[in-house]
Amino acid sequence: MGIFHEVVELSGHIIDSWSLPRAWDTIMDRGGNFTVQEISIGKQKSESSYARFQVEAPDPETLELIISELQQFGAILVDAHDAQTEMVTQDGVLPPNFYSTTNLPTQIRIGGKWVLVENIEMDVVVVVEAEKQRAYCKPMHEVSKGDQVVVGHKGIRVQPYERERGHETFAFMQSDVSSERAKVLAIRNIARQMHEIRERGGKILFVLGPAVIHTGAGRYVAELIRRNYIHAIFGGNAIITHDIESALFGTSLGVNLKTGEQVEGGHRNHLRAINAMRGVGSLEKAIEIGLLREGITYEAVTRGLPLVLAGSIRDDGPMPGVITDMPVAQHHMREVVQDVDMTIMVASMLHAIATGNLLPARVRTVVVDINPAVVTKLADRGTFQAAGLVTDAELFLRELLESINQLEKELA
């Protein structure tokens, strides 16, 4: 039986980030072997390390699988080749050996030069325009006949994700956040990060679930919008429906938000809210005629914030403005996330995961949910940069606004 092999290199903080041992584990777990040819270890934490080793596998398919997984740790083939491409022959159908991306910064070798892949996100393909020295991402359903799609593993360079050092916001949040004191400190660090992004003209995206309204925290989000700390919102039919229900009737799911008591007949208030908006035709018209005068939706629409609301099969109505065509919703979400600097996801598992799948690894991401499984799920699915906070939506948003108020006083 023959042995198939490739020589790869890894460099950077590959020891303390566990990239090197994880790479070796991957090789052995997939049925391969390796021989170290050269290795040097940084003597200080600021110094990088380097390793070159030969990867061996019993067949080409196993070797390709191993190499594709090693590239997620930043491995580069020593025998550099241009990226291989194959032409799409049917709209929306990929060549069998297509390369599937991560959300990490990626380069493609075209004509002997490394070209940065534009609009990087996970689980899509790379389309190459060789004559323009250009490479960019496309989801499967958007590829067209004639597109040149990257296949195999040659000519691809992925920059690995490295944990942050020191006491920055996200380095802090990787530590234990189980105590209330730790949560408050983490939220204060998030507030500092938001303030810094706002001051330099960056953009912050909020992904919101209906629990934000149910817990009475909608007013904090509305205030953050007024203060220019939120620049785009993702969500679904539920968040906008219950926000408008609270604005029109003071309830959420029929519960009075001031007293916490169930209102008689209030179970139909969310339907009344949807009906009222559908009756006037649009959110903009409802604001224009004075029907809608407060709330998250009111603040977002009046300030022209991107408000991408993706519907689902269980939606009532839906509310005007909710997108029921999922590829169209994905398209609008992709447009928004490209220039986002920070994303905060609060009490929304499905929309948080969907957004995480679209985010480049450079976007600082905070996931807040009372359910620990939601907090960890994004990282499990490949959103490496996600930092989690297990807490109630109202507690988080109230403390976040208080921390911003305190910070602005200190800086005044």
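Summary of computed values
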item	result
Inter-probe distance in nm under a simple model that places probes 7 Å from Cα toward Cβ, at Arg22 and Asn405	4.1 nm
Those aspartates and glutamates that a straight Cα-Cα span of less than 16 Å connects to Lys183, excepting residues fewer than 8 apart in one chain	Glu168, Asp369, Asp392, Glu394, Glu399, Glu402
Alpha-carbon radius of gyration plus Dmax, which is the widest Cα pair, for region 239-375 in Å	16.1, 48
Computed magnitude of the charge dipole of the chain (debye, nearest 20; Cβ of K, R +1, Cβ of D, E -1)	980 debye
For region 170-304, diffusion coefficient by Stokes-Einstein and Kirkwood Rh (Cα), 4 °C, 1.567 mPa s, µm²/s	79 µm²/s
Antiparallel DSSP beta bridges within the chain, as percent of all bridges there, nearest 5	60 percent
Residue-normalised accessible area of the chain, expressed per residue, 1.4 Å probe, Å²	47 Å²
Approximate shape of region 27-120 as ellipsoid semi-axes (Cα gyration tensor, √5λ), whole Å, largest first	28, 19, 12
Lysines whose Cα lies under 30 Å from that of Lys138, excluding same-chain neighbours fewer than 8 positions away	Lys113, Lys154, Lys203, Lys377
³J(HN,Hα) computed for each position of region 18-34 - Karplus, 6.51 cos²θ - 1.76 cosθ + 1.60, integer Hz, glycine/proline x	6, 5, 5, x, 5, 5, 5, 4, 4, 4, 6, 5, 8, x, x, 8, 8
In nm, spacing of pseudo-spin labels at Glu86 and Met140 (7 Å Cα→C-beta vector)	1.4 nm
Counting all C-alpha pairs of the chain, share separated by more than 39 Å (%)	29 percent
Rounded percent of accessible protein surface that carbon and sulfur make up, the chain, 1.4 Å probe	50 percent
Using a Förster distance of 41 Å, the FRET efficiency for Arg314-Lys45 (Cβ separation, nearest 0.05)	0.25
Estimated distance in nm for a label pair at Glu294 and Val263, the labels positioned 7 Å out from Cα along Cα-to-Cβ	1.2 nm
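The values are calculated or read from the model by the stated rules, or taken from the named source; none is laboratory data. As the structure is a prediction and not an experimental result, all values here were calculated from the model. Cβ coordinates were reconstructed from backbone atoms using ideal geometry, including for glycine residues, and neighbour counts include every protein chain displayed. Note: accessible area is taken over every heavy atom of the protein model, side chains too, but ligands, DNA and RNA are not part of it. Shrake-Rupley method; radii C 1.70, N 1.55, O 1.52, S 1.80 Å.
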